[in-house]
Amino acid sequence: MEQIVILDFGSQYTQVIARRIRECKVYCLIKPFNTPASEIAAMEPKGIILSGGPASVYAPNAPKPDPGIFNLKVPMLGICYGLQLLAESLGGKVEPGTRREYGKGTLRIQDAESPLFQSLEKEIQVWNSHGDKMTQLPAGFKTVAVTDNSDYAAVEDRQRGFYGLQFHPEVAHTPRGQQILSNFVHKICGCSDSWTMQAYRQMAIEQIRAQVGKEHVILGLSGGVDSSVAAVLLHEAIGDQLTCIFVNNGLLRANEGDSVRDLFCRNFKIKLHYEDATDIFLSRLAGVTEPEKKRMIIGNTFIEVFEEAQKKVGNAKFLAQGTLYPDVIESVPIAGNPASMIKSHHNVGGLPEKMKFELVEPFRCLFKDEVRELGKELGLSREVVWRQPFPGPGLAVRILGEITRDRLEILRNADSVVVEEMKRSEWYYKIWQSFAVLLPVRSVGVMGDERTYDYTIALRAVESRDGMTADWVKLPYDLLERISNRIINEVKGVNRVCLDISSKPPATIEWE
Ligand code: XMP
């Protein structure tokens with residue numbers, strides 16, 4: 001498969017570059033900045049991209065690539081810090097800018113012949129974020145575009161295949177950036193449109209068959225996007241050699257267990273072991289109010305139940321997991337780069353290593369949006385493919401205080417209203433998450449002639465890219481009104497609905 005290699009110098013946008021290249025239907029991989037040139041050469045890339053990064057090229061411990069990469073005779077695109085590296089490594093000059101250029105700017109393209117700027121207007125909006133700037137071109141280079149603040153906003157040595165951009169083509173604030181990246185991979189590197197989910201489906205099926213042979217595979221199905229798509233893909237590859245295990249922990253949303261059974265057993269005819277462990281989970285959670293303790297009980301019980309279920313299924317050699325590419329990318333610590341230290345605290349694949357399985361991980365090179373695309377390709381519905389994230393501990397993190405069957409019933413009913421109305425108004429598909437939380441607070445109300453003393457539901461709707469930070473969504477008043485009216489009218493035990501208008505940080509998405 002044709003591929004582009006992206007060397008990561010610690011930019012917060014490195015993964016965005018990779019996603020943009022894949023959107024150009026070209027496969028790419030992110031490698032650490034110091035990957036040896038021989039290793040890169042062995043990958044036979046059609047092109048190399050040097051990412052941006054927080055360092056200064058002349059700082060004492062600035063990350064530098066193996067100089068051998070400049071002799072590989074492979075087209076190269078340097079972005080921001082990457083451009084400065086090109087300049088410095090090939091004999092140009094980089095100096096601290098007199099003022100930091102940050103934010104929007106206008107790029108004026110001076111050389112209409114430049115392959116990087118084909119099919120573009122003469123002036124385009126670009127987004128900058130840099131302090132240093134190039135002050136002298138290396139021999140063989142020329143300027144092809146400028147901004148008010150930079151005479152070297154885009155440079156090239158067409159002969160040798162070196163291209164550099166001072167701005168960030170990968171971000172949304174450079175609206176025509178996708179065309180620039182497409183020009184690089186298609187026109188300059190000569191890539192074809194080989195990376196599609198249709199092609200990947202075939203490739204992955206062959207790989208799974210080759211890895212698994214005649215052995216059996218088990219898959220922990222949660223109903224979430226990744227495990228659902230993995231189940232269907234594996235089933236297509238190995239049919240009845242796959243058994244899915246679905247654990248009902250009693251903390252699922254209304255009808256969730258049934259709809260998983262309907263979809264996977266009846267519709268896709270996938271072998272499914274359904275373990276109803278509601279009683280064990282709820283009895284162990286009885287009387288527990290402390291959030292961390294709830295999580296611990298749920299986590300440990302899940303492992304126990306899954307191990308038992310897996311013994312019942314028997315003789316599987318492989319365990320399939322929906323690990324995604326962002327979890328696999330090696331991150332190299334780069335001085336002064338906080339992005340390299342942030343890691344999700346909820347990475348709970350959670351199954352202990354003593355379970356001696358070999359892993360099948362068909363999404364190890366995919367981004368989340370590609371998994372959704374693949375799901376669509378495999379015939380999964382919009383409901384499944386665009387399902388909002390749902391935490392492993394389920395409704396337990398949305399019931400404050402003790403978890404009882406009564407409280408679960410109240411929350412399930414309120415949650416159903418939220419999901420239904422969010423889907424009906426299409427807002428469900430536009431945002432990261434929307435759900436109800438049951439507060440342990442009761443307050444006075446009136447219903448008809450009667451005085452009530454009932455629970456409060458908090459409504460939470462957030463926008464987010466990855467769950468690490470989030471902002472509350474300004475849902476239209478009429479939608480909020482409908483949700484609130486329906487919950488109070490239809491859900492017995494609730495007489496008040498509040499809206500959570502906190503962002504993360506400092507609040508979290510779930511209340512716990
Ligand atoms: P917080 O509440 O930490 O949540 O802001 C961030 C994102 O993670 C989800 N979440 C979980 N996902 N297992 C999961 O798989 C968990 O234990 C868990 N806890 C929170 C949460 O729904 C949000 O999308």
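Annotations
- Selection within the range 360-403 - open to solvent by 30 Å² or more (accessible area, probe 1.4 Å), within 13 Å of residue 227 (Cβ to Cβ) and of a type in the set (Phe, Trp, Tyr): 390
- Taken together, 39, 95, 44, 88 contain a single residue that is surrounded by fewer than 20 Cβ atoms within 10 Å (Cβ to Cβ) and assigned to a strand (DSSP E or B), which is 95.
- Counted residues, the range 404-448 - those being surrounded by 15 or more Cβ atoms within 10 Å (Cβ to Cβ), of a type in the set (Asp, Glu) and under 23 Å from residue 249 (Cβ atoms): 1
- Filter pass, residue 397 being within 16 Å of the ligand (Cβ to nearest atom) and under 13 Å from the mean Cα position of the chain (by Cα): no
- Candidate set: the range 134-163, residues that are surrounded by 16 or more Cβ atoms within 10 Å (Cβ to Cβ) and among the β-branched types (Val, Ile, Thr); chosen: the one farthest from residue 72 (Cα to Cα): 147
- The set of residues in the range 47-85 that are part of a helix (DSSP H, G or I), of a type outside the set (Gly, Ala, Ser) and under 26 Å from the mean Cα position of the chain (by Cα) contains only 81.
- Within the range 98-153, the set of residues being part of a strand (DSSP E or B), within 21 Å of residue 49 (Cα to Cα) and of a type in the set (Ser, Thr, Tyr) comprises 129, 143, 152.
- Single match in 363, 367 (criterion: within 30 Å of residue 212 (Cβ to Cβ), aromatic (Phe, Trp, Tyr) and within 16 Å of the ligand (Cβ to nearest atom)): 363
- Boolean, residue 388 is within 15 Å of the ligand (Cβ to nearest atom), in contact with a strand residue (DSSP E or B) (Cβ under 6 Å, 6 or more places away or on another chain) and closer than 28 Å to residue 218 by Cβ: yes
The values are calculated or read from the model by the stated rules, or taken from the named source; none is laboratory data. Bear in mind that the values here come from a model prediction, so they are computed numbers and not experimental data. We place every Cβ from the backbone using ideal geometry, glycine too, and count neighbours over all the protein chains shown. In case anyone asks, the SASA skips ligands and DNA or RNA and just uses the protein heavy atoms, side chains included. Shrake-Rupley method; radii C 1.70, N 1.55, O 1.52, S 1.80 Å.
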